[in-house]
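The values are calculated or read from the model by the stated rules, or taken from the named source; none is laboratory data. This one's a predicted model, so the numbers in the text were calculated from it and none came from an experiment. Positions of Cβ are generated from backbone atoms using ideal geometry, with glycine treated the same way; all protein chains shown enter the neighbour counts. SASA here: full protein model, heavy atoms, side chains in, ligands and nucleic acids out. Shrake-Rupley method; radii C 1.70, N 1.55, O 1.52, S 1.80 Å.
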Amino acid sequence: MRALIVEDGYSRGALAAARALGSAGWAVGIGSRRRGLASSSRFTTYNHSIPLPYEDPDRFIEKINRAAVAVGYDVVFGAGDAEILALSKARNELKVKVPYPDHEVVERALDKLELARAAERAGLSTPRTLEPKDIGAGLEPPILVKARLHSPPGTVGGQGRIEASVATTLADARRRIARIEELGAAPLVQDLVRGHLMAVVVLRDIDGKIVSCVQQEAELIWPEAAGISVRARTVPVDEDLRDGVSALLEDLSWYGLAELQFVADDDGTAWLIDLNGRFYGSLALAVGAGPDLPTKWATLATGAPHVGIAEATSGVRYQWLEGDLRRAFEERRGGLARDVVDCLRYARGAKHSIWSSDDRWPAIRYIFELGWRGIRKALA
């Protein structure tokens, strides 16, 4: 079996997926505009030069079709929201299986305003989410400013990923809103929930059955206010939360992979903040804890029977080492030296999104790229 992953060259999720699929015997192809992490992996069989969908939408589709015909791919995955939306919208033009629900479902699930509304219907807690015109309706800074979609409607691929940011004043919020509008996306604002980041990751088949479920909690995130996990570990699945996630995905008519991100406050309430229907950054943790989500997803997408329900082992640790070191240089918990040493100590025995002892080239390439980036910055 053969799977193609289209990405931007920097996707840690694509690398984790390529390793998992390759280890399971799949022939993996990477389609990217540059040679990057996943394309450097020894588990990658084919590499294709494919532009980003928002750079050249027509050529994006054309190059995927060329690769599909040349190699005979059974399924194509997108490693980012822009790629997912582009593949979903153009599925009737593609000569390879697209593993996502109907395009209207994909747009609704990735639209953060629609997601918040669906979460309320499913009984999940979600921060108050408003359009910019409603910003004066009692929403007080600090607040989160986000794009409703990482790829604006009406385009094949859109602008790409637009990161959420924290606005500390209303004037700051309006500046950030204007910037998102300049990029061609629709902005929204959301209450900032304080607490610890967690996620429930499920793989749902087309009949609505949850095939795999993994829950993880972040131990450290970076950046501090609205960041992602740099350290995390698997925990036992909260069955009530799983039921709420299942109801949400039923409401959305979503099947395939879904990573639901929550912030758990001091009272223990889990607030839904995002849904990722793609190979996400800490995917290596779920794979390392047992469930081979990429291979199971690819198997389901091609119509092959899957084997049982995969449960994750609790207590498995994960680290994004570069992000953790950046956090240490910024936060300096107990002093810079102590924090850096703590990062390196935590790295031992953890699952990593880039480093792997049996697949070293992605990490080596990444280290050289970081070094070259630092030299250019110093010279500038």
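Leu321 meets the stated requirement of being closer than 24 Å to Phe43 by Cβ and touching a His at 6+ places or on another chain (Cβ under 7 Å). Within the set Asp74, Asp102, Asp81, the sole residue that is acidic (Asp, Glu), farther than 25 Å from Gly268 by Cα, out of contact with any helix residue (DSSP H, G or I) (no Cβ under 6 Å at 6 or more places or on another chain) and surrounded by 16 or more Cβ atoms within 10 Å (Cβ to Cβ) turns out to be Asp74. With respect to the conditions (1) of a type in the set (Gly, Ala, Ser); (2) out of contact with any Pro (no Cβ under 9 Å at 6 or more places or on another chain); (3) in contact (Cβ under 8 Å) with a residue 60 or more places away in the chain, Ala70 lacks only one, and its number is (3). Across the range 220-237, the number of residues qualifying as at pLDDT 95 or above, in contact with a helix residue (DSSP H, G or I) (Cβ under 9 Å, 6 or more places away or on another chain) and of a type outside the set (A, V, I, L, M) comes to 3.
Here's the yes/no breakdown for (1) modelled with pLDDT of 90 or more; (2) open to solvent by 20 Å² or more (accessible area, probe 1.4 Å); (3) within 22 Å of Trp271 (Cβ to Cβ); (4) assigned to a loop (DSSP other than H, G, I, E, B):
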residue	(1), (2), (3), (4)
Pro152	no, no, no, yes
Val156	no, yes, no, yes
Ile162	no, no, yes, yes
Val189	no, no, yes, no
Ile206	yes, yes, no, yes
Val214	yes, no, yes, no
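Within the range 355-371, residues that are touching a residue at least 24 places away in the same chain (Cβ under 8 Å) reach partners that are open to solvent by less than 40 Å² (accessible area, probe 1.4 Å) and acidic (Asp, Glu) with beta carbons closer than 9 Å, at six or more positions or on different chains, in the pairs Tyr366/Glu322; Leu370/Glu322. Only one of the listed residues (Lys89, Lys95, Lys112) is of a type in the set (Lys, Arg), open to solvent by 20 Å² or more (accessible area, probe 1.4 Å) and within 20 Å of the chain's Cα centre (by Cα). That residue is Lys89. The single condition from (1) part of a helix (DSSP H, G or I); (2) open to solvent by less than 30 Å² (accessible area, probe 1.4 Å) that Ala199 fails is (1). Meeting the requirement of 1 or more residues that are over 23 Å from Ser356 (Cβ atoms) and among the β-branched types (Val, Ile, Thr), the helices (runs of 4 or more DSSP H) wholly within the range 1-110 are 57-67, 81-89, 103-110. Residues in the range 315-366 that are modelled with pLDDT under 95 and polar (S, T, N, Q): Ser353, Ser356, Ser357.
Within the range 242-283, the set of residues being over 17 Å from Leu192 (Cα atoms) and over 20 Å from the mean Cα position of the chain (by Cα) comprises Asp243, Gly244, Ala247, Glu250, Asp251. Looking only at the range 323-334, decide whether some residue is in contact (Cβ under 8 Å) with a residue 12 or more places away in the chain and under 23 Å from Ser39 (Cβ atoms). Yes. Residues of the range 12-25 include at least one that is in contact with a Gly (Cβ under 7 Å, 6 or more places away or on another chain) and touching a residue at least 60 places away in the same chain (Cβ under 8 Å).
Remark: Ser229 falls outside the filter, which requires a residue to be open to solvent by 10 Å² or more (accessible area, probe 1.4 Å), of a type in the set (Gly, Ala, Ser), in contact with a strand residue (DSSP E or B) (Cβ under 9 Å, 6 or more places away or on another chain) and not in a strand (DSSP E or B). Filtered by the rule that a residue be hydroxyl-bearing (Ser, Thr, Tyr) and either open to solvent by less than 10 Å² (accessible area, probe 1.4 Å) or under 20 Å from Pro53 (Cα atoms) (or both), the range 14-33 gives a lone residue, Ser32. Count of the range 242-265 residues, restricted to those that are within 16 Å of Lys209 (Cα to Cα) and hydrophobic (A, V, I, L, M, F, W, C), is 8.
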